[in-house]
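The values are calculated or read from the model by the stated rules, or taken from the named source; none is laboratory data. Predicted, not measured: the structure shown is a model, and the values here were computed from it. Ideal geometry is used to build each Cβ from the backbone, glycine not excepted, and the neighbour counts take in all protein chains shown.
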Amino acid sequence: MKRVFFDILLCLVIFLLPWWVTLFFAVLGLFLFRNYYEFLVFSVVIYLLSSPPPSSLFGNSFLIYLSIIIFYMFIQYLRSHIILYNNEIPFQK
């Protein structure tokens, strides 16, 4: 239920606040929820709303989408390697 409310809040933030505030909320969702695939959808929506119209059919949109996916995978990797995020205390037996 928390995830649904967070998604609704993020959807409102997309249309009401600047892109950098929305990006902060989207990355926060990555750390709060496991497998937060909505990040990919919201990132594409943010890009489509805030970017200028393309000058050619094959602009740099592919690179933007690829960088969004790479950023998502990096945050998932980073999240799994943060010691305190997994509630593990090192050197404790």
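Is there any pair with a first residue in region 61-86 that is on the phi < 0 side of the Ramachandran plot and surrounded by 14 or more Cβ atoms within 10 Å (Cβ to Cβ) and a second that is in a loop (DSSP other than H, G, I, E, B) and modelled with pLDDT under 80 whose Cβ atoms are under 7 Å apart and which are 6 or more apart or on different chains, and what are they? From residues that are on the phi < 0 side of the Ramachandran plot and surrounded by 14 or more Cβ atoms within 10 Å (Cβ to Cβ), the pairs are Ser61/Pro54. Being farther than 23 Å from Arg79 by Cα, part of a helix (DSSP H, G or I), modelled with pLDDT under 85 and of a type outside the set (A, V, I, L, M, F, W, C) is a condition met by no residue of region 24-44. When region 1-41 is filtered for residues that are in contact (Cβ under 8 Å) with a residue 40 or more places away in the chain and either β-branched (Val, Ile, Thr) or surrounded by fewer than 17 Cβ atoms within 10 Å (Cβ to Cβ) (or both), the ones remaining, listed by number, are Val27, Phe31.
Scanning region 1-23 for residues that are part of a loop (DSSP other than H, G, I, E, B) and modelled with pLDDT of 85 or more turns up Leu17, Pro18. Within region 42-53, the residues that satisfy the criterion of being of a type in the set (A, V, I, L, M) and either under 23 Å from Ile82 (Cβ atoms) or surrounded by 11 or more Cβ atoms within 10 Å (Cβ to Cβ) (or both) are Val44, Val45, Ile46, Leu49.
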